[in-house]
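Novice: I am attaching a structure below and will ask some questions about it afterwards.
Quick note: the coordinates plus some simple rules give every number you see, no bench work behind them. This is a predicted model, so every value here is computed, not measured. All Cβ positions, glycine included, derive from the backbone under ideal geometry; neighbour counts span all protein chains shown.
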Amino acid sequence: MKRLYVALTLLLMLLAASIWNGWWIHQLTEEVAAGLEEAMVLVGREDWEGAAQATRRAREHWQKHGSLLRVLLRHSDADQVLLSFAVMEANLQWKKADQYAAANAQLVCLLRLLGGMERPALHNVL
Amino acid sequence: MFTIFVRTVILYVIIIVGFRLMGKRQVGELEPSELVLSLLIADLASVPMQEMGIPLHTGVIPILTLLSLVMILSVLTMKSVRLRALLCGKPSIIVREGQMDQREMSRNRLTVDELLEELRGQGITDLARVRYAVLETNGRLSVLPYAGEMPVSAQQMGVVGRETCLPLTLISDGRLLADNLHRRGLNHRWLEKMLAAHDCRHPSEVFLLTIDELGGIYFAKRASRGGKNA
């Protein structure tokens, strides 16, 4: 019976960890995406300084969990997010609103896809 | 490269521990569920081992999940006969009173050639000598010949044979196993005498020394560097 309890405990721990992982990544991607949407609004108002600050805050929030994200996500996905941030920040520096908007929309979409992919939902299982 | 090295070590340790938990069965005697598990684990481990872009947990989590499920199922199958039959299947009687059960053979997809091959492997060339042949759940064929076809035992002959005794290794490849020495109630003085009787001075000169429950000794000296036994 001891083996049964050990195995059941391990299984429940794995289940709990996978549910937490899905919830945490969804939360994080939503927070970062919200920051980017805020930056996009500021670009629309031509507040370049405010947009740069909002984008930097979003990147720093993402990078604060960089190590854990590289453990949990596919490395190519984690790298793609950082690459998109770099492109957006360059566009902000040169005040290219249209290119910033495209890069911003692409990153928001990528983040939402990443968040959605980890959620414990039937469509993800199937 | 370092990543691959460390990952390989981690995955290897997990797999070894996992297979150790599965028990001592040989690969050839795996139940269907155990065979599936072995194949899955091998495949799951190889992906994160080779591909650095994939996080390690994509291999570790499914392996741990599978091992947990196997442990749970193994405990449950010990408790429930019905579940055991469902997961491991039931033995099938292929030959009964010298007659092949063709329906059972068909159900198990066992051809006549395969049956005869299995019987030949067990030294039986005539089906009429077989009382029962049972296809076990691990795929092996157990053959029970008629009583008249079975080898005569010492008991049937009225002969009192010497009981088989379990030998205990005292020296293995030059290394003294002191625990086994004490388990047999022996001491170092006895060992020194034994070594001297075989022209040895130190356990490192001995390749194998065993002693059974009745005091029967097997002594093999270590081969010299030239390859010849001393």
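Novice: So if I check each of A:LEU92, A:LEU4, which one is assigned to a helix (DSSP H, G or I), out of contact with any Phe, Trp or Tyr (no Cβ under 7 Å at 6 or more places or on another chain) and either aliphatic (A, V, I, L, M) or away from chain B (no Cβ under 14 Å) (or both)?
Specialist: Among A:LEU92, A:LEU4, only A:LEU4 is assigned to a helix (DSSP H, G or I), out of contact with any Phe, Trp or Tyr (no Cβ under 7 Å at 6 or more places or on another chain) and either aliphatic (A, V, I, L, M) or away from chain B (no Cβ under 14 Å) (or both).
Novice: Further question on the same structure: From the list A:ARG56, A:ARG45, which one is surrounded by fewer than 13 Cβ atoms within 10 Å (Cβ to Cβ), of a type outside the set (Gly, Ala, Ser) and more than 13 Å from every other protein chain (Cβ to nearest Cβ)?
Specialist: The unique qualifying residue is A:ARG45.
Novice: Among the residues of segment A:36-67, how many are closer than 23 Å to A:LYS96 by Cβ, more than 11 Å from the chain's Cα centre (by Cα) and among the small types (Gly, Ala, Ser)?
Specialist: Residues meeting the conditions: 6.
Novice: Consider only pairs whose beta carbons are under 7 Å apart and that are at least six residues apart or on different chains; among these, list those whose first residue lies in segment A:103-126 and is within 13 Å of A:ILE25 (Cβ to Cβ) and touching a residue at least 60 places away in the same chain (Cβ under 8 Å) and whose second residue is of a type in the set (Gly, Ala, Ser) and in a helix (DSSP H, G or I).
Specialist: A:LEU111/A:ALA33; A:ARG112/A:ALA33; A:GLU118/A:GLY22; A:ARG119/A:GLY22; A:PRO120/A:GLY22
Novice: Let me ask something else about it. For segment A:84-113, name all the residues that are under 22 Å from B:THR58 (Cβ atoms), surrounded by 14 or more Cβ atoms within 10 Å (Cβ to Cβ) and not charged (D, E, K, R).
Specialist: Scanning segment A:84-113 gives A:LEU110, A:LEU111.
Novice: Look at A:LEU14 and say whether it is part of a helix (DSSP H, G or I), buried (at least 16 other Cβ atoms within 10 Å of the Cβ), touching a residue at least 12 places away in the same chain (Cβ under 8 Å) and within 14 Å of another protein chain (Cβ to nearest Cβ).
Specialist: no
Novice: Restricting segment B:42-84 to residues that are under 19 Å from B:ASN138 (Cβ atoms) and among the β-branched types (Val, Ile, Thr), which is nearest to the other protein chains (Cβ to nearest Cβ)?
Specialist: So the residue we want is B:VAL70.
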